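Visitor: Pasting a structure here, questions to come.
The values are calculated or read from the model by the stated rules, or taken from the named source; none is laboratory data. Values in this document were obtained by computation on a predicted structure and should not be read as measured data. Ideal geometry is used to build each Cβ from the backbone, glycine not excepted, and the neighbour counts take in all protein chains shown.
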Amino acid sequence: MVHRSVKSPPDEAHGTAPDAPSAIRLAAVGMCLVGVCYGGGTRPTTARLAWVLLGVLGVLGAAAGDLEARLGPARAWTTTTVALAGATAVLALAPGTPALTHPAAAIFGGSYIAMSGLLLLGGTRVYPDEPSTGVGIAFLVLALGQAAGSLALGVLASGAGLRTAVLVAAGVGLLGALAPPRTS
């Protein structure tokens, strides 16, 4: 027996809060980036504030559906991916400079959740008759990419240094802006 997913009305598909797996991924990625920026002698209060900003703007990233409705899928993807890459680069280039890293952490949180949401919405467009399949595949690809990216980042960091590795990750993010999710 094949399970058929029920399609959600269009306005329920946009602007939903991040689910638990998205929140866990945000925490894992954020831990790495906050550790890069705030490790090595930064006051704990400074790191805590960065976490708060990252989380607060992460919640705002749940408006990805609204962003996509206004800009279209390709422009929304490019906007969020470039914001994510730029924030990542700032975190690598200005560690220990809260005036730069705090806004970067906030932008990272919002753009990461928005980008993840856009990827999931794209999955529902690729599989319109089975939207749960599209969401499942998008989650799987996102998780596999994060696992492979973390491993590659660790290997690169051990040889070239953490700052270089995070800058390479920002560059890969910029390359991702060139490949928006399919619209059909």
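Visitor: Select from the range 102-131 the residues that are surrounded by fewer than 24 Cβ atoms within 10 Å (Cβ to Cβ), of a type in the set (Phe, Trp, Tyr) and within 19 Å of Ala89 (Cβ to Cβ) and list them in ascending order.
Guide: none
Visitor: Do you know which of the residues in the range 154-171 that are in a helix (DSSP H, G or I) and over 16 Å from Val90 (Cβ atoms) is nearest to the chain's Cα centre (by Cα)?
Guide: Gly154
Visitor: So which residues in the range 77-127 are in contact (Cβ under 8 Å) with a residue 40 or more places away in the chain, β-branched (Val, Ile, Thr) and over 22 Å from Leu153 (Cβ atoms), if there are any at all?
Guide: Thr78, Thr124, Val126
Visitor: Could you tell me which of the residues Thr16, Thr81 is at pLDDT 90 or above and touching a Gly at 6+ places or on another chain (Cβ under 9 Å)?
Guide: Going through Thr16, Thr81 in turn, the sole match is Thr81.
Visitor: Looking at the range 47-73 only, could you name the residues that are of a type outside the set (A, V, I, L, M, F, W, C) and either surrounded by 15 or more Cβ atoms within 10 Å (Cβ to Cβ) or touching a residue at least 40 places away in the same chain (Cβ under 8 Å) (or both)?
Guide: Across the range 47-73, the qualifying residues are Gly55, Gly58, Gly61, Gly65, Asp66, Glu68, Pro73.
Visitor: Only residues in the range 159-179 that are closer than 18 Å to Ala114 by Cβ count as the first member; pair them with residues that are in a helix (DSSP H, G or I) and among the charged types (D, E, K, R), Cβ under 7 angstrom, at least 6 apart or cross-chain, and list the lot.
Guide: Partner pairs satisfying both residue conditions: none exist.
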